[in-house]
Amino acid sequence: MGGEVPDLEAGRWAIDPVHSEITFSVRHLMTTVRGSFPDFEGEIVIGEDPMESTARAEIRMGSIDTRSAERDEHVRSADFLDVRRHPVMSFAGTGVERAKTGRRARTPRYHLLGDLTIKNVTRPVRLLTEFHGVGPDPWGGVRAGFTATASISRRDFGIEFNIPLQGDRVMLGDEIAIALEIQTVFTAADAPRPGAEVPLDR
């Protein structure tokens, strides 16, 4: 980032939702169910000191898609996300740390630290992030690509619905694995001071 990756200019990089993905997975019985949130917006702000870079995002929870309309409606209900009362999930990045990189790794790795808010409950999260480079796009812009992963406990956010099975088993796992594929577009070179508010609609 920044001085460590010279092509990644300090400033604002808007997330392109058309070419980005926010996906998740959770254990269901003996297998894994996957889904996505296709409606979101946000930006990454690269600081002059790259370790003070931040990111912000808002995700419309009603857009959840698990490839089953009936299941999606249940997840939107008060049993899970309670979308009627809590339509938006948000992330506010607070800083960056270098992550260990193996000798065979081809891309730099960082931990993006931040606060995730779901159903008015805020918890710290740590996203393991890989930077995939910078390059021009066909429309005269400059783009950068990132991949990020994290795991959270749904109980930490008050999502406790489950169905008991025989023995001490339950239908749903507690751990939610999150995976992000993010493509950003450079929009402005005026990176704010660390800690400054970054409006999403700028």
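Which residues, counting only those in the range 25-35, are among the hydroxyl-bearing types (Ser, Thr, Tyr) and either within 21 Å of Arg143 (Cβ to Cβ) or open to solvent by 60 Å² or more (accessible area, probe 1.4 Å) (or both)?
Taking the range 25-35 first, the residues among the hydroxyl-bearing types (Ser, Thr, Tyr) are 25, 31-32.
Matches in the range 25-35: Thr31, Thr32.
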Practice prompt. Filter the strands (runs of 3 or more DSSP E) completely within the range 50-121 down to those with at least 3 residues that are more than 18 Å from Arg154 (Cα to Cα) and either open to solvent by 60 Å² or more (accessible area, probe 1.4 Å) or in contact with a helix residue (DSSP H, G or I) (Cβ under 6 Å, 6 or more places away or on another chain) (or both).
Written response: 88-98
Worksheet item: Regarding Val125, is this residue assigned to a strand (DSSP E or B), of a type in the set (A, V, I, L, M, F, W, C), touching a strand residue (DSSP E or B) at 6+ places or on another chain (Cβ under 7 Å) and over 18 Å from Gly145 (Cα atoms)?
Response: yes
Practice prompt. Determine whether the range 68-84 contains at least one residue that is at pLDDT 95 or above and farther than 23 Å from Met171 by Cβ.
Written response: yes
Worksheet, complete the sentence: Conditions (1) closer than 25 Å to Phe131 by Cα; (2) without any contact (Cβ under 8 Å) to a residue 12 or more places away in the chain; (3) touching a strand residue (DSSP E or B) at 6+ places or on another chain (Cβ under 8 Å) -> Val18 fails only (3)
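The values are calculated or read from the model by the stated rules, or taken from the named source; none is laboratory data. Since this is a predicted model, take the numbers as computed values, not measurements. Glycine also receives a Cβ, built like all others from the backbone with ideal geometry; neighbour counts cover every protein chain displayed. The area values use the complete protein model at the heavy-atom level, side chains included, leaving out ligands, DNA and RNA. Shrake-Rupley method; radii C 1.70, N 1.55, O 1.52, S 1.80 Å.
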